[in-house]
Structure formats: C-alpha cells, structure tokens
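Structure first, then comments.
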Amino acid sequence: MKDKFRELGFDLPQSPAPIFSITFYDEGKNRRFYRILLENGIYPPFLNYPGAPPGGHFRFIITSLTTDEQIGLLLDTIKSSL
C-alpha cells in the first residue's frame, strides 16, 4: 500500500506500521484535497499543529478490515486530485 503512495510521489518512511501520513506541503492544495476526500466518503484526520509539515497532513490507517474497494477508492481519489 505504501509503495503505491510512493509511486504517486508521496514521501513515506520505510516502516511496517499501518499508520502513515501524506501531505502536499501546501495549505491550499491540502484544503482542496480534503474537500475531494469528503465528497468521496473518505474522512481522514487532518492534522495541522506546530511541528507538522507546512500546510498540515492527513493521517491514514490501513488494517486487516480495510477492503480492497476502500483502498481503490482512496487511491483513485488521490490520483484525481493530482
């Protein structure tokens, strides 16, 4: 899963943890992306606190309960916003 996000240009650490964050490092792009996610029924936490990447970031958790359809929707939504 993380490799697919890396292929889209997101910088993710090499870690086995199922939690990861993505950002566009731009507040305007992140706000636009947040609206697109919500329109597609995806409700990730958006974090913007001191020390966070510029413009904030989105946190996702992929578990064994996450379906292939949900992952596909997330990836398609991200691709459509690039």
Response to the item:
When (1) in contact with a Lys or Arg (Cβ under 8 Å, 6 or more places away or on another chain); (2) touching a residue at least 60 places away in the same chain (Cβ under 8 Å) are applied to Lys4, the one that fails is (1)
Fill in: the range 1-49, residues that are aromatic (Phe, Trp, Tyr) and under 18 Å from Gly72 (Cα atoms)
Phe5, Phe10, Phe20, Phe33, Tyr34, Tyr43
Worksheet item: Of the residues in the range 10-59, how many are surrounded by 11 or more Cβ atoms within 10 Å (Cβ to Cβ) and either on the phi > 0 side of the Ramachandran plot or among the small types (Gly, Ala, Ser) (or both)?
Response: 5
Worksheet entry | Among residues of the range 60-82, those that are within 10 Å of the chain's Cα centre (by Cα), surrounded by 13 or more Cβ atoms within 10 Å (Cβ to Cβ) and closer than 21 Å to Ser15 by Cα, counted | 3
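Here, each number is a calculation from the coordinates, and none is a lab measurement. All values derive from a computational prediction rather than experimental measurement. Glycine also receives a Cβ, built like all others from the backbone with ideal geometry; neighbour counts cover every protein chain displayed.
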